[in-house]
Structure formats: structure tokens, C-alpha cells
Amino acid sequence: MKNSKTWISQVIQMLGPHKTSTEIPDKIAYSRDMWPKALLWQRKGDYPFHPDLVVWPENEDEVCKILEFCHSHEIPIVPWGGGSGVCGGAIPVRGGLVMDLKRMNKILHIDRKSLLVRSQTGIMGEILERSLNQEGLTLGHFPSSIYCSTLGGWLATRAAGQLSSLYGKIEDMVSSLRIALPSGRILETPSGPKSSTGPDFNQLFLGTEGTLGIFTQAELKVHPLPEHRAFLSGTFSNLENGLEGIRLLMQNGLRPAALRLYDGLDTLLA
Ligand SMILES: Cc1cc2nc3c(=O)[nH]c(=O)nc-3n(C[C@H](O)[C@H](O)[C@H](O)COP(=O)(O)OP(=O)(O)OC[C@H]3O[C@@H](n4cnc5c(N)ncnc54)[C@H](O)[C@@H]3O)c2cc1C
């Protein structure tokens, strides 16, 4: 990595001051995600890792330019969505640059006929879902962190939502991805219901936590909003019987959108 003062000022020049920060509060804000160990560091006032620079690109060209620059100067770069990850994947353990994608938050197209949505990946989960609801549609992806996580983060962590028994997990929802590679080039995977030839590049990139590239856009399958919802609860004499009951339900092909088993304490709290 070249002298940090030089590369930082070069990136600031490239993007402009309103899309970059070296301020200490920003460095602290981007020093940890929701990894429990990092939360303990924070409680003690420890910030062992922080970025040297935070950037907020507003379009794909800017993402590519920064990637190309960082790649050729060996500057570590960590993409950032909502920072709600629980495994420390967004922590800049080697310093360098954190790239927050949240300004790339536009829904680009909703195809009601083929039931597809194309969006930039910095969009917050709840905004994406609510926008689809206004069109009578749903993505069907409801992680508990929907209010504080982004589409890009979902893709990068292979997220699963509360209704995944019915709608599937994020990897089941992807039709096509646009990925900015470390070289700054764009890879777009083909959109279509199915391909019978070659490897599925979507599956290769999903869950890679930003190590193979940065998701800039995704095309996802959506569904009409359900017309009815039904709720049912039951009790079992103990947890083992409850588990067996759930197993039998699922193995017999009854797939409720959500199926939850609570023990005595959980039931009390719920
Ligand atoms: C209260 C709470 C509840 C949660 N509930 C669930 C749940 O129900 N289901 C579930 O699956 N998870 C859950 N999580 C974990 C977390 O919300 C998910 O992992 C989520 O997908 C992370 O999204 P994010 O936008 O916050 O990503 P971040 O935390 O910002 O990043 C996560 C990883 O993805 C990378 N990344 C981010 N954006 C991009 C991008 N555009 N391109 C490439 N890489 C990128 C980062 O570098 C990092 O490695 C929960 C977390 C909390 C705190």
C-alpha cells in the first residue's frame, strides 16, 4: 500500500469532499458491525480497527473507479450496507477504505408481467419491501433486521427471512446480479428463469461477503401480495414433541410461511 496520505487525497479528489470522510466520528461508526465481540469492544471504548477513509459512491462508475484504484495500489476495501452483519464481515481489519453503498438506493424497474424487480443494492430492505407492496407485490424476504440491512448485505451474506419456508432464502430469489469486480470491470449474470448449461455464477458470488466483488444491482423474483393470511397456534407437552410435530408437518408437504417453536420461557416472553 502506498503512503496513506497520498492515496487518501487521491480518492477524495476522485469523488469530491461530499462523498468521502476522514472524520473521527465516521471512522468510529464504520469500525464495527453487529458482531457480538465487536459490541463488547465498543462497550469498553476499544476501537481496534477502523478505516482510513469512508466513501459514499452514488453510481456504479464511481464504485468501479474506486475498486480499480484500490486494486492497483493494494489498498484494502470493505463494502458496507447497513452494518447489521453479526460475523464481523464489514469490520475493516486491515484499515484502508470502507465503501458505504447506501446512496445507491434506487429501484430501477418493476416488471409486473414477469414478476421481477431490479434495484440498486444500497436500498434498505424495508424500503424495497414497502415500495413493492405499493404495487401489490412482495419480495417475501423478511429478516429480523429488515429495518437496518440492505439488499447488498442480504446478497453478500446469503440472508434468510422469517417467511423463507414459503418464499425461499435470498439465494432462491435472485434472477440476475451486477457485480463490480476488484479490477473495476462489471460482470452481469444472465437474467432468465433457468439455464441448463455451465455453472451458476449467481451462486458463486452469493454469500462471499464482498471478497469477490461488490454487488451494484440485482434482479429479484417477486410475488403478488397474498390475499389472505391465516394464523394457528398449538401446544405440545414438551420441546421434543414440538420438534417432532414440526418435522412431521414439513415432511408431509405442509409448508406454512413461518413455523416457530417456543420453549416455556420464550412463550412467556412472547
Ligand atoms: C437484530 C438483528 C437481526 C438479524 N436478523 C437476521 C435474519 O433474520 N436473517 C439473516 O439472515 N440475518 C439476520 N441478521 C444479520 C444481518 O442483518 C444480515 O447478515 C444482513 O444480510 C446484513 O446486511 P447489511 O446490509 O447490514 O450488511 P453489512 O453488515 O453492512 O455487511 C455484511 C457483509 O456484506 C458485505 N457487503 C455489504 N454490502 C455489500 C455489497 N453491496 N456488495 C458486496 N458485499 C457487500 C460486507 O462487506 C460484509 O462482509 C440480523 C442482524 C441483527 C443485528
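The values are calculated or read from the model by the stated rules, or taken from the named source; none is laboratory data. Here the structure is a predicted model, which is why all the values come from computation and not from measurement. Heads up, the Cβs are rebuilt from the backbone with ideal geometry, glycines too, and the neighbour counts pull from every protein chain shown. Accessible surface is based on the protein model in full, side chains and every heavy atom, while ligands, DNA and RNA are left aside. Shrake-Rupley method; radii C 1.70, N 1.55, O 1.52, S 1.80 Å.
For region 214-255, taking the residues that are in contact with a helix residue (DSSP H, G or I) (Cβ under 8 Å, 6 or more places away or on another chain) and basic (Lys, Arg), the one that is most open to solvent (accessible area, probe 1.4 Å) is identified as Arg255. Which one of these is of a type in the set (Ser, Thr, Tyr) and more than 9 Å from the ligand (Cβ to nearest atom): Thr121, Thr138? When all the criteria are applied, what remains is Thr138. Criterion applied to Val98, Val86, Val78 was being closer than 27 Å to Phe49 by Cβ, surrounded by fewer than 17 Cβ atoms within 10 Å (Cβ to Cβ) and within 10 Å of the ligand (Cβ to nearest atom), and the one residue passing it is Val86.
Taken over region 124-135, the criterion of being open to solvent by 20 Å² or more (accessible area, probe 1.4 Å) and either of a type in the set (Gly, Ala, Ser) or within 16 Å of the ligand (Cβ to nearest atom) (or both) is satisfied by Met124, Glu126, Ile127, Ser131. Looking at Pro48, Pro57, can you tell me which residue is open to solvent by 50 Å² or more (accessible area, probe 1.4 Å) and part of a loop (DSSP other than H, G, I, E, B)? Within the list Pro48, Pro57, the selection yields Pro48. State all residues of region 196-213 that are among the small types (Gly, Ala, Ser) and within 10 Å of the ligand (Cβ to nearest atom); if no residue qualifies, say none. Those that are among the small types (Gly, Ala, Ser) and within 10 Å of the ligand (Cβ to nearest atom): Gly207, Gly210, Gly213.
Taking the criterion of being part of a loop (DSSP other than H, G, I, E, B), within 25 Å of His71 (Cα to Cα) and open to solvent by less than 60 Å² (accessible area, probe 1.4 Å), the residues of region 145-202 that qualify are Leu181, Pro182, Ser183, Gly184, Thr189.
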